[in-house]
Amino acid sequence: MTPPTTPSWKLPMALAAALCAGAVLGWLAGGRVATGIAVVAVAEVVLLLTRIRHQAQAMMTTPTAASPLQHDRFMTRSRRIASSLRDLRNAASQLPDAVVLLDRQQQIRWFNHAAENLLGLRRPDDRGAPLQQRMAGSELASWLREGAREPLTDATAPGRADSQLNVSLLPFGDHEQLLLAHDISHQNRLEQVRRDFVANVSHELRTPLTVIHGYLELLDPEDVPELAPVLGEMRTQSKRMGQIVEDLLTLSRLETQHEVAEERVPMAALLATVRKEAEALSQGRHRIVLEATAEADLLGSPKDLHSALSNLASNAVRYTPVGGSITIRWQRVPDGAVYSVSDTGFGIPASHLVRLTERFYRVSSSRSRESGGTGLGLSIVKHVLNLHQAQLKIESAPGVGSTFACHFGVARLLAPGGSDES
Ligand code: ADP
């Protein structure tokens with residue numbers, strides 16, 4: 001009995017459906033539609049090639065059994081598969097992301113047009129060439145040499161110096177790999193426009209606000225008692241606006257900065273200042289404790305670290321009801337030292353924790369405004385810590401309290417007072 005033949009429309013439909021599924025999965029995994037399509041397209045190419053190979057083998061191993069009818073069927077199927085294969089290759093060729101198929105020795109088997117453009121690959125010369133060797137001298141080559149375990153972000157495109165790429169290496173098939181490079185230059189340009197816009201607006205607002213605030217300070221409420229409450233409110237709001245502008249300018253500076261000053265930051269003095277500032281803000285309404293056992297100074301920017309560490313302490317004061325306690329700690333851990341601020345305050349529901357360091361993100365807007373917040377403090381903290389290769393960890397439970405911990409690596413530690421240490 002002959003096996004039933006597959007209707008001619010079924011295979012292309014199945015391939016198209018898989019491509020759509022790939023697009024949807026790519027989109028769900030962070031808007032990477034082209035990447036999803038690329039992965040599925042390559043998987044389909046491999047699948048079709050395997051199918052052709054199996055059918056040809058079946059024909060060759062049973063030549064006597066192949067009747068003219070079976071032979072015709074085989075030829076029809078092969079043509080259909082070959083045509084689907086061509087379509088897929090054409091589709092993959094046109095993808096905006098660079099796609100490079102690598103064999104188990106990381107030699108180039110196939111690449112699309114975007115790979116020529118972004119990675120500078122040339123055909124036919126680069127077919128069979130080791131990718132690492134072809135990318136020599138670029139960030140991509142060092143990344144491949146180091147094992148390419150994590151995706152490479154914001155790397156200069158080897159084929160176009162004015163473009164930046166996010167690159168990932170995916171294993172597939174029989175120890176083969178798929179290199180995907182996504183051009184993020186447009187995204188970076190938009191981000192730059194946004195940063196410039198915020199910095200320019202903040203800068204332009206700074207002078208008029210200073211003038212308004214100056215005049216408001218000159219007006220004495222005792223001269224116009226009926227306007228005293230209005231004047232008080234105007235002063236508070238102009239001060240708040242001034243603080244927002246200053247915080248936005250600080251954020252703009254931190255965002256464009258790639259390195260920090262490598263100065264000694266004496267921690268004993270800094271911790272004493274942070275504690276004093278927290279006490280001034282609390283005005284005796286909280287119990288504030290300092291536990292400093294680390295006996296280490298930090299290496300970095302004194303101004304930025306002061307701003308970040310005191311921000312966490314002032315948040316603890318502002319978000320802890322009267323009578324609560326706040327503990328500031330500076331402790332050694334096996335791989336560095338941790339500065340932390342724990343409070344017995346309102347706490348934060350778990351669902352908010354991941355978004356807390358976004359600009360203007362607040363758990364409760366009214367509570368933040370009442371306590372004089374700008375919504376930018378934790379954003380500044382995150383940027384300062386990034387510049388010092390430190391990590392922020394937040395633990396919190398509503399109604400119980402919060403702990404904000406900054407983990408500094410050994411490379412950022414100095415022996416207090418004198419000689420360097422690691
Ligand atoms: P804000 O100026 O509003 O305090 P931040 O960026 O410093 O802005 O903090 C963002 C939000 O995180 C705050 O609005 C507040 O909801 C929450 N938050 C920060 N620190 C604490 C804390 N110690 N306890 C409870 N909530 C906090």
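The values are calculated or read from the model by the stated rules, or taken from the named source; none is laboratory data. This one's a predicted model, so the numbers in the text were calculated from it and none came from an experiment. A quick note on method: Cβ atoms are made from the backbone with ideal geometry, for glycine too, and the neighbour counts reach across all protein chains shown. Ligands, DNA and RNA are excluded from the accessible area calculation, which covers all protein heavy atoms including side chains. Shrake-Rupley method; radii C 1.70, N 1.55, O 1.52, S 1.80 Å.
From the square roots a ≥ b ≥ c of the eigenvalues of the alpha-carbon gyration tensor of region 349-397, which class results: rounded (a/c under 1.5), prolate (a/b over b/c), or oblate? Oblate is the answer for region 349-397, as a/c is 1.5 or above yet b/c matches or exceeds a/b.
How much net charge surrounds LYS303 when only the other residues with a Cβ under 12 Å from the Cβ of LYS303 are counted, with Lys and Arg +1 and Asp and Glu -1? It works out to a net charge of -1.
Largest first, the extents of the alpha carbon coordinates of region 239-316 on the three principal axes equal 38, 34, 14 Å. What distance in nm separates the two pseudo spin-label positions at VAL230 and LYS303, each 7 Å out from Cα along the beta-carbon direction? Here the answer is 3.9 nm between the modelled labels. Taken over the alpha carbons of the chain as equal point scatterers, the Debye sum produces base-10 log I(q)/I(0) values at 0.07, 0.11, 0.12, 0.13 Å⁻¹ of -0.56, -0.99, -1.08, -1.17. Once Rh for region 247-367 is found with the Kirkwood sum over Cα pairs, what is the Stokes-Einstein diffusion coefficient at 10 °C and 1.306 mPa s, in µm²/s? Answer, rounded: 101 µm²/s. Shown here are the Rg and Dmax of the Cα trace of region 308-422, at 14.9, 48 Å. When each of the peptides 40-49, 136-145 is scored by how many other beta carbons lie within 10 Å of its residues on average, the order from highest to lowest is 40-49, 136-145. Taking every protein chain into account, the accessible area of region 270-420 amounts to 45 square angstrom per residue (probe 1.4 Å). Other residues within the sphere of radius under 13 Å centred on the Cβ of ILE108, judged by their own Cβ, net out at +1 (K and R +1, D and E -1). Modelled this way, with points 7 Å down the Cα-to-C-beta line, the labels at ALA268 and THR76 are 9.1 nm from one another. The figure for LEU19 is an accessible area of roughly 40 square angstrom, using a 1.4 Å probe on the protein chains alone. Pair-distance distribution of region 208-279: all C-alpha pairs, bin width 5 Å, starting at 0; shares per bin in whole percent are 3, 13, 13, 12, 15, 15, 12, 9, 5, 3, 1. Close amide H partners of ASN112, meaning residues 5 or more places away or on another chain with modelled amide H under 5 Å apart, are VAL99. Couplings for region 133-146, taken from phi via the Karplus curve 6.51 cos²θ - 1.76 cosθ + 1.60 with θ = phi - 60°, read 5, 5, 9, 3, x, 9, 4, 4, 5, 5, 5, 5, 4, 7 Hz in order; Gly and Pro are left as x. Sorting VAL230, VAL322 by solvent-accessible area of protein heavy atoms yields VAL322, VAL230, largest first, with a 1.4 Å probe. Compared with the dominant principal axis of the Cα atoms in the chain, helix 302-318 is inclined by about 80°. THR256 contributes about 80 Å² of solvent-accessible surface, heavy atoms of the protein only, 1.4 Å probe. At a 1.4 Å probe, what is the % contribution of carbon and sulfur to the accessible area of the chain? Of the solvent-accessible surface of the chain, carbon and sulfur hold 57 percent.
Computed on the Cα atoms alone, the convex hull of region 150-197 gives a volume of 77 cubic angstrom per residue. Label separation (GLN94 vs LEU69): 4.0 nm, computed from points 7 Å beyond Cα along the C-beta direction. Highest mean first, the peptides 299-308, 87-96 sorted by other C-beta atoms within 10 Å per residue fall in the order 299-308, 87-96.
The gain in end-to-end length when the ARG123 to VAL193 segment is fully stretched comes to 21.5 nm, 0.36 nm per residue minus the alpha carbon separation. For the Cα trace of region 80-137, dividing Rg by the Kirkwood Rh returns an Rg/Rh value of 1.01. The C-alpha radius of gyration of region 298-361, expressed as a fraction of 2.2 N^0.38 Å, stands at 1.27. Note on the chain: helix-only mean residue ellipticity at 222 nm, from DSSP H runs of 4+ residues weighted -39500 (n - 2.57) and normalised by residue number, equals -16500 deg cm²/dmol. With respect to the chain, whose longest principal axis is taken over its alpha-carbon atoms, helix 185-218 is tilted by about 10°.
Computed from Cα atoms, the angle from the helix 228-256 axis to the main principal axis of the chain rounds to 40 degrees. For the chain, relative contact order (Cα pairs under 8 Å, six or more residues apart, normalised by length) works out to 9 percent. Taking 0.36 nm per residue of separation and subtracting the current Cα-Cα distance, fully stretching the chain between ARG149 and LEU25 would add 42.5 nm.
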